[in-house]
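Let me begin by presenting the structure, written as structure tokens, before commenting on it.
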Amino acid sequence: METKEKFLSFNLGIRDTAVISLQHITEVLQVSLPEICGVPEMPSSVLGIYNWRGEMLWLVDLEAMLGYPPISQGSNLLSIMMGIVLENKGKYLGLLVRQLIDIEWLDTKQMKPAITELFYPKISPFLQGYFINDSEEMIFNLDAITIIQAPMWGVHN
């Protein structure tokens, strides 16, 4: 049985790499900060609303959400970020990341289970598992559906 899937890989924090399965990614776009309309009283990882194809798309700083320093603040501030639009059952969510790396085929049979002790507490609930790449580095496999369904924006979605 074919167990290879296409994943989009991108940077998380300074050193880490993560992937999300392409089956839940609708679009990838460049987003500049001034185009994001801030919304008060939201978790700090939620940057606000973006006009995407005439729809309101919630944008989330993925690094802040997963317990890294926010990419949207301080010395980390990036004026242009990459947005990954996730979709599940007609619900959309935009994840902002530093930069995209590539699209790669990964064998899901080689994915290792996410053992809680290995990861930041904030990242564990969103991990499907992880891969080890050729240079022996861990690649986090993030679960798009869990991210979209996260309770922190359930009220607003």
Selection from the stretch 117-126 of residues assigned to a loop (DSSP other than H, G, I, E, B), in contact (Cβ under 8 Å) with a residue 24 or more places away in the chain and not aliphatic (A, V, I, L, M) yields Tyr120, Pro121, Lys122
For Ile14, are the conditions met, namely being at pLDDT below 95, part of a loop (DSSP other than H, G, I, E, B) and in contact with a Lys or Arg (Cβ under 8 Å, 6 or more places away or on another chain)? no
Please find, among Val39, Val46, Val19, the residue that is more than 17 Å from the chain's Cα centre (by Cα) and aliphatic (A, V, I, L, M). Val39
Find the strands (runs of 3 or more DSSP E) located wholly in the stretch 39-116 whose residues include 2 or more that are in contact with a helix residue (DSSP H, G or I) (Cβ under 8 Å, 6 or more places away or on another chain) and touching a residue at least 12 places away in the same chain (Cβ under 8 Å), and list them. 46-52, 55-61, 80-88, 91-97
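Here is a yes/no grid of residues against (1) surrounded by fewer than 16 Cβ atoms within 10 Å (Cβ to Cβ); (2) closer than 15 Å to Phe10 by Cβ; (3) modelled with pLDDT of 90 or more:
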site: Val60; (1), (2), (3): no, yes, yes
site: Leu66; (1), (2), (3): no, yes, yes
site: Ser79; (1), (2), (3): yes, no, no
site: Leu86; (1), (2), (3): no, yes, yes
site: Leu96; (1), (2), (3): no, yes, yes
site: Glu104; (1), (2), (3): no, yes, yes
site: Ala114; (1), (2), (3): no, no, no
site: Phe119; (1), (2), (3): no, no, no
site: Asn141; (1), (2), (3): no, yes, yes
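The values are calculated or read from the model by the stated rules, or taken from the named source; none is laboratory data. Predicted model, so just to flag it, every value in this text is computed and none were measured. Every residue, glycine as well, gets a Cβ built from its backbone with ideal geometry; the counts of neighbours run over all protein chains shown.
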